[in-house]
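*Asks:* Dumping the structure here so I can ask a few things about it.
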Amino acid sequence: MSALEKAFYSPVGRKVAAKAGLAEPPRLRRGRTFPHGAIVLAPLGGSTLVADTLTMLGRAYESPVIDTGDDAPGYGDRIGALVVDATDVRTAAELEGLRAVLRPAVRGIERSGRIVVVARPGGTGAGWEADAVARGLDGINRTVAKELRGGATATLVYAHEGVTPGDLLSTLGFVLQGRSAFVDGQSWHVRPAATAVDELAERPLEGKVCVVTGAARGIGAAIARTLARDGAIIVAVDIPAAGESLAAVANEVGGTALQLDITADDAGARIAAHVAARGVRIHAMVHNAGITRDKMLVNTDAARWGSVVDVNLAAQMRINEVLLDSAVEGGLADDGRIIGVASTSGLAGNKGQTNYAASKAGVAGLVISMAPDLAERGITVNAVAPGFIETDMTARIPFVQREVFRRSNSLSQGGSPVDVAETIGYLVDPASQGVTGQVVRVCGQNLVGA
Amino acid sequence: MHHKVVVVGGNRIPFAKAGGPYAQASNHDMLTAALDGLVARTGLSGARVGEVAGGAVLKHPNDFNLTREAVLSSALAPETPACDLQQACATGLETTMYIANKIALGQLDHGIAAGVDSASDAPIAVSDPLRRILLEASRARSAKQRLAAFAKIRPSHLAPLAPRVAEPRTGLSMGEHQAVTTTRWGIDREAQDLLAAASHHRLAEAWDRGFFDDLVTPYLGVTKDALLRPDTSVEKLGGLKPAFGGPDGSMTAGNSTALSDGAAAVLLATEEWAAEHHLTPWARIVDAEVAAVDHPGGADLLLAPVGATGRLLARQGLTVDDIDLFEIHEAFASTVLATLAAWQDEDYCRSLGLDGPIGSLDREKLNVAGSSLAVGHPFAATGARIVPSLAKLLHERGPGSRGLISVCAAGGQGVVALLEAV
């Protein structure tokens, strides 16, 4: 820790910082915890989708306070969450219904509370106005997320026509729980799936093999721990040189360590062989391993370019090809999961990271392209896009720059590796069958990015 | 053997020169690291393993329960029993046979054999007179008696004694003994340097092809064997000055093993246990033989494995030609060369009670992934290094491939073992 950093975090420094508007960031609610206060459900029409999903989650809900006059009425006690069923909203005029329930709720929400809007997506032939409204809801979501304080977040879920409460269950559970702590201002899609679930499992991955690359440290180690907590049998993969910490992670989660360079030609085959020896197939392949070789483009040579693109993008495509071959023992199971790790640097662009951005935006493109092709086998393909996460890697960024990055999002802090891991845990949950081809940013609504 | 015993995995930390990167690591630390890497590779975290047998040659008195203590520090279940064994440089092979024999007899269905040594963290002893005085003082019943005991201390008593790798009965160091053997068997300098260079080149090749990806776990930032010199050559080795055998000696620092730090472990099991735990058996332990020679009477200190090899092959009805791979521990390049010469010497073999010469081997089958000259030789770890490496090499060649391990040891002893790929 630099002298400047020490001074900043000293008692005097904290006071000065607070005066300068750099208040202590809120402590986020994490883990499999629901909001403390009441969950308020606001159906803006006759749909019972969200009501039925909440019932399936075992969560009681209350009626909303509706703002009708000039004096905004308030909630007595702080509420834990407002969940809006906007699946019947089709016209611009109906957006007023949203305002009327949001205004009291935003004022009365607890710390780390949740605003969740469930709506129909645009582009489904419901008409011009319906499409405009669907996009308008996204604008509302992003703005509410920026206005919320104290670690509260907003999320928009596009539930496609035909989505059942069982299909929506894992998503609504994730969004309401502390697992989604650093997911803010985001929207993604849930499609109908043959999901036979009727409750949110505590250990949804019980006995399932999950392979995590780059598992020796940082986000990868957190993914291994989180998936193991959810019951998974972990195969922890990292380069041989990282073997010591890889072994420690594998032993901690009761899994196995596989020392492997993912860029090797036989990487996919070796992963499959390791799993096949245990007589099983892979439930989830989490492509977390990644490297940076940052330089401004004018200083980026072919070697810096090639290694980043190969490790971060090309290697996972080669591995996927092997694991997706049904004839390969120890490959990906039907109804399995593939996870890519993109980055807000890729989605938004970041100075000095052309190679990294190419690879990480590439991952986003990859999962979107793969998802429909693998739908028939029940395999979902998704990506998470971390923003500023507190890891050994980001700890090397100079302090002032790091502090700026940290605070450049709606939650005024860096995320924890576990926040990325929890989001992946949600996506690989068998109950998340209807979520595929999505890129979920775990960035606290970073100011930059899509 | 009643139950088939198979090698299902192994792990070691990279070996390093004494006083190098592991200078601050103890036997306990390194053995724990080797065990933890094995546990991670084989998915045994939290498991109660049947038994762990380990050992070290250079051992501190408070390490009397070294292996058990390392187990307690490891990711294994604390209910895993352990014991320490010691047979000088053959310790790691002897622990392997101890566990293998128990499995063969049905006393265990799996176990871990290990070995570790730190030449960096060697115990320093006080002189014998000082030790006697201190013991006398601790027995004293009064202050006066205690003072009387302390009054006997002389300055000369205070010099610390580092352990000497010397034979108690001859006073000669191992290198000095081997120098006699080298001369007796007429082993020339170039042959030794050739063997040493090959050891480095083959080890480097094995690292390059990823052979050690599932045999070694990095430790303290060291990711490869630190003694390895991939670019060494007979020419470079030829420039080194003699270290043993006087100014005309042929043994140098380059063709003798360096004092090293390291630890290794190997997982042994019945085939059934391996199948239940989804582990691929590499090779089975077929047989082993131990032998000793009368080195105080003038026999070659490090050639005891020759007699063991002859008896083992005879018992198994095999000849040298039936063996696909040989692992002869490179204590010194000249030890290996003298061993090979002895195998072919009819008179010598008959003097050991064998029916005739053991025979000559194809050098392409010898130490194909390098050996102690390039890897290093933390005494007790070497056997536990060789067993899983050879088992994997045999497995790569296919079922039925046979491999012979020959390890010489201080005290004029040697242990030989036979493995066969499954």
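None of the figures in this text is laboratory data; all of them are computed from the coordinates on show. Quick caveat, the model's predicted, so the values are computed rather than measured. We place every Cβ from the backbone using ideal geometry, glycine too, and count neighbours over all the protein chains shown.
*Asks:* Please give the peptides B:370-381, B:226-237 ranked by average Cβ packing (other Cβ atoms within 10 Å per residue), highest first, as a rough proxy for protection.
*Replies:* Details: B:370-381: 30.3, B:226-237: 16.6.
Those peptides, ordered most packed to least, come out B:370-381, B:226-237.
*Asks:* Kindly rank B:183-189, A:225-231, B:144-150 from highest to lowest mean number of other beta carbons found within 10 Å of each residue. Walk me through the numbers on the way to the answer.
*Replies:* Details: B:183-189: 16.4, A:225-231: 21.3, B:144-150: 13.1.
Per-residue mean Cβ counts within 10 Å order the peptides as A:225-231, B:183-189, B:144-150.
*Asks:* At 222 nm, what value in deg cm²/dmol follows for chain A if DSSP H runs of at least 4 each add -39500 (n - 2.57) and the sum is divided by all its residues, to the nearest 500? The partial results should precede the final answer.
*Replies:* Details: 16 runs with 170 residues, N = 450.
After summing the helix terms and dividing by residue count, I get -11500 deg cm²/dmol.
*Asks:* State whether chain B is rounded, prolate or oblate according to the following rule on the C-alpha gyration tensor (a ≥ b ≥ c being the square roots of its eigenvalues): a/c under 1.5 gives rounded; otherwise a/b larger than b/c gives prolate, and the remaining case gives oblate.
*Replies:* It comes out oblate by the Cα gyration axes.
*Asks:* Given Cβ point charges of +1 (Lys, Arg) and -1 (Asp, Glu) and nothing else, what value in debye, to the nearest 20, does the dipole of segment B:263-422 about its Cα centre take? Each step should come with its number before you reach the end.
*Replies:* Details: 10 positive and 20 negative charges, 61 e Å.
For this selection, approximately 300 debye.
*Asks:* Mean residue ellipticity at 222 nm from the helices of chain B, using -39,500 (n - 2.57) per DSSP H segment of n ≥ 4 over the full residue count, to the nearest 500 deg cm²/dmol?
*Replies:* On the way: 14 runs with 151 residues, N = 422.
Calculated from helices alone, the mean residue ellipticity at 222 nm is -11000 deg cm²/dmol.
*Asks:* Here's another thing I want to ask about it. Need the C-alpha centroid separation for segment B:345-361 versus segment A:92-124, integer Å.
*Replies:* Segment B:345-361 and segment A:92-124 have Cα centres separated by 92 Å.
*Asks:* Here is a follow-up. Skipping prolines and chain starts, which residues have an amide H placed within reach, meaning under 5 Å, of the one on A:ARG441, given they are 5 or more residues away or on another chain?
*Replies:* A:ALA385
*Asks:* Moving on to the next point. Averaged over peptide B:38-47, how many Cβ atoms belonging to another chain are found within 10 Å of each residue's Cβ?
*Replies:* Numbers: counts 2, 6, 15, 9, 3, 10, 3, 9, 3, 1.
So the per-residue partner count for this stretch is 6.
*Asks:* Of B:CYS89, B:CYS349, how do they rank once you tally other Cβ atoms within 10 Å and put the fewest first?
*Replies:* Values: B:CYS89 31, B:CYS349 21.
Fewest-to-most Cβ neighbours within 10 Å comes out as B:CYS349, B:CYS89.
*Asks:* Also, I was wondering about something else. Over chain B, calculate the relative contact order: mean separation of alpha carbon pairs under 8 Å at least 6 apart, over the residue count, as a percent. Write out the running numbers ahead of the final one.
*Replies:* Numbers: 1013 pairs, mean separation 112.5, N = 422.
Worked out over chain B, it gives 27 percent.
*Asks:* Dividing the convex hull volume of the Cα atoms of the protein assembly as shown by its residue count, what figure in Å³ per residue is obtained?
*Replies:* Numbers: hull volume 196.8 nm³, N = 872.
Looking at the protein assembly as shown, the number lands at 226 Å³ per residue.
*Asks:* Do you know the relative contact order of segment A:369-435, to the nearest whole percent, from alpha carbon pairs under 8 angstrom that are 6+ apart? Don't skip to the answer; put the middle values down first.
*Replies:* Working: 41 pairs, mean separation 22.4, N = 67.
Across segment A:369-435, relative contact order equals 33 percent.
*Asks:* Which order do peptides A:372-382, A:165-175 fall in by mean Cβ count within 10 Å, highest first?
*Replies:* On the way: A:372-382: 18.0, A:165-175: 25.1.
Listed from highest to lowest mean packing, they are A:165-175, A:372-382.
*Asks:* I would also like to ask the following. Please find, in a Gaussian network model of chain B (springs between Cα atoms separated by less than 10 Å), the residue of B:VAL306, B:VAL222, B:VAL407 whose mean-square fluctuation is greatest.
*Replies:* Its mean-square fluctuation being the largest, the pick is B:VAL222.
*Asks:* Calculate one ³J(HN,Hα) per residue across segment A:275-288 by plugging θ = phi - 60° into the Karplus curve 6.51 cos²θ - 1.76 cosθ + 1.60, and present them in order as whole Hz with x for glycine and proline.
*Replies:* 6, 4, 4, 8, x, 9, 10, 7, 7, 9, 10, 9, 8, 9
*Asks:* Continuing with this model, one more query. Among A:VAL253, A:VAL280, A:VAL211, which one shows the highest mean-square fluctuation when chain A is modelled as a Gaussian network with alpha-carbon springs under 10 Å?
*Replies:* The residue that fluctuates most here is A:VAL280.
*Asks:* Taking every residue in B:199-212, how many Cβ atoms of other protein chains lie within 10 Å of its Cβ, on average?
*Replies:* Working: counts 0, 0, 0, 0, 0, 0, 0, 0, 1, 0, 0, 7, 0, 2.
For peptide B:199-212, the averaged partner shielding equals 1.
*Asks:* Could you tell me which of the pairs A:LYS15/A:LYS351; B:LYS59/B:LYS392; A:LYS6/A:LYS146; A:LYS146/A:LYS360; B:LYS59/B:LYS102; A:LYS295/A:LYS360 are separated by over 27 angstrom between their Cα atoms in the structure shown? Don't skip to the answer; put the middle values down first.
*Replies:* Details: A:LYS15/A:LYS351 33 Å; B:LYS59/B:LYS392 30 Å; A:LYS6/A:LYS146 30 Å; A:LYS146/A:LYS360 25 Å; B:LYS59/B:LYS102 25 Å; A:LYS295/A:LYS360 16 Å.
In this structure, A:LYS15/A:LYS351; B:LYS59/B:LYS392; A:LYS6/A:LYS146 lie more than 27 Å apart at Cα.
*Asks:* Taking the Cβ of B:ASP63 as the center, what net charge do the other residues with Cβ under 13 Å away carry, scoring Lys and Arg +1 and Asp and Glu -1?
*Replies:* Neighbourhood net charge equals -3.
*Asks:* In whole Å, largest first, what are the principal axis extents of the Cα atoms in segment A:39-190?
*Replies:* 41, 35, 27
*Asks:* Inside 10 Å of the C-beta atoms of B:278-284, what's the mean count of C-beta atoms belonging to other chains? Intermediate values should be presented prior to the final figure.
*Replies:* On the way: counts 8, 3, 4, 0, 0, 0, 0.
Mean inter-chain Cβ contacts per residue within 10 Å come to 2.
*Asks:* Another question, then. Rounded, prolate or oblate, given the Cα gyration tensor of segment B:294-422, with a/c below 1.5 counting as rounded? Walk me through the numbers before you get to the answer.
*Replies:* On the way: a/c = 1.88, a/b = 1.21, b/c = 1.55.
Oblate shape, in that a/c is at least 1.5 and b/c is the bigger or equal ratio.
*Asks:* Find out how many positive minus negative residues lie around B:ASP193, taking Lys and Arg as positive, Asp and Glu as negative, among other residues whose Cβ is under 12 Å from that of B:ASP193. Don't skip to the answer; put the middle values down first.
*Replies:* Numbers: positive: B:ARG189, B:LYS236; negative: B:ASP188, B:GLU190, B:GLU235.
Net of charged neighbours comes to -1.
*Asks:* Sticking with this structure for a sec: When the label point is put 7 Å from the Cα of A:ALA3 along its Cα-to-beta-carbon vector, which residues of segment A:379-420 have a backbone N closer than 19 Å?
*Replies:* A:398-401, by backbone N distance to the label point.
*Asks:* Same structure, new question: Taking amide H atoms as placed 1.01 Å from N in the peptide plane, list the residues 5 or more away in sequence, or in a different chain, whose amide H sits under 5 Å from that of A:GLU62.
*Replies:* Hits under the 5 Å cutoff: A:ILE39, A:VAL40, A:LEU41.
*Asks:* Continuing with this model, one more query. Please report the net charge: other residues with Cβ closer than 13 Å to the Cβ of A:LEU260, K and R +1, D and E -1. Can you show the working numbers first?
*Replies:* On the way: positive: A:ARG270, A:ARG318, B:ARG41; negative: A:ASP238, A:ASP261, A:ASP265, A:ASP266, B:ASP213, B:ASP214.
Neighbour charge sum, excluding A:LEU260 itself: -3.
*Asks:* Note down the magnitude of the dipole of the protein assembly as shown about its Cα centre, charges +1 on Lys and Arg C-beta and -1 on Asp and Glu C-beta and zero elsewhere, to the nearest 20 debye.
*Replies:* Working: 80 positive and 94 negative charges, 673 e Å.
That gives the protein assembly as shown a dipole magnitude of about 3240 debye.
*Asks:* Mind listing the phi-derived Karplus ³J(HN,Hα) values for segment A:400-405, rounded to whole Hz, using 6.51, -1.76 and 1.60 with θ = phi - 60°, and x for any glycine or proline?
*Replies:* 4, 4, 4, 5, 5, 4
*Asks:* What percent do you get for the relative contact order of segment B:13-138 when only Cα pairs under 8 Å and 6+ apart count?
*Replies:* Reported relative contact order: 32 percent.
*Asks:* Moving on to the next point. Placing one identical point scatterer on every Cα of segment A:209-442 and ignoring solvent, what is log10 I(q)/I(0) from the Debye formula at q = 0.15, 0.17 Å⁻¹?
*Replies:* Evaluating at q = 0.15, 0.17 Å⁻¹ gives log10 I(q)/I(0) of -0.98, -1.28.
*Asks:* If you don't mind, there's one more thing I want to ask. Please report the spacing between the Cα centers of segment A:362-416 and segment B:283-329 in Å, no decimals.
*Replies:* With segment A:362-416 and segment B:283-329 each reduced to a Cα centre, they are spaced 59 Å.
*Asks:* For a quick size check, give me the Cα extents of chain A along its three principal axes, largest first, whole Å.
*Replies:* Its Cα atoms span 66, 57, 41 Å along the three principal axes.
*Asks:* Build a GNM of chain A with springs between Cα atoms under 10 Å: which of A:TYR356, A:TYR61, A:TYR426 gets the top mean-square fluctuation?
*Replies:* With Cα springs under 10 Å in chain A, the top fluctuation among A:TYR356, A:TYR61, A:TYR426 is at A:TYR61.
*Asks:* Now for a different question. Residue by residue through segment B:252-266, what is 3J(HN,Hα) from phi via Karplus (6.51 cos²θ - 1.76 cosθ + 1.60, θ = phi - 60°)? Round to whole Hz and write x for glycine and proline.
*Replies:* Computed from phi, the couplings for segment B:252-266 are 10, 5, x, 10, 10, 6, 7, 5, 9, 10, x, 8, 8, 8, 9 Hz.
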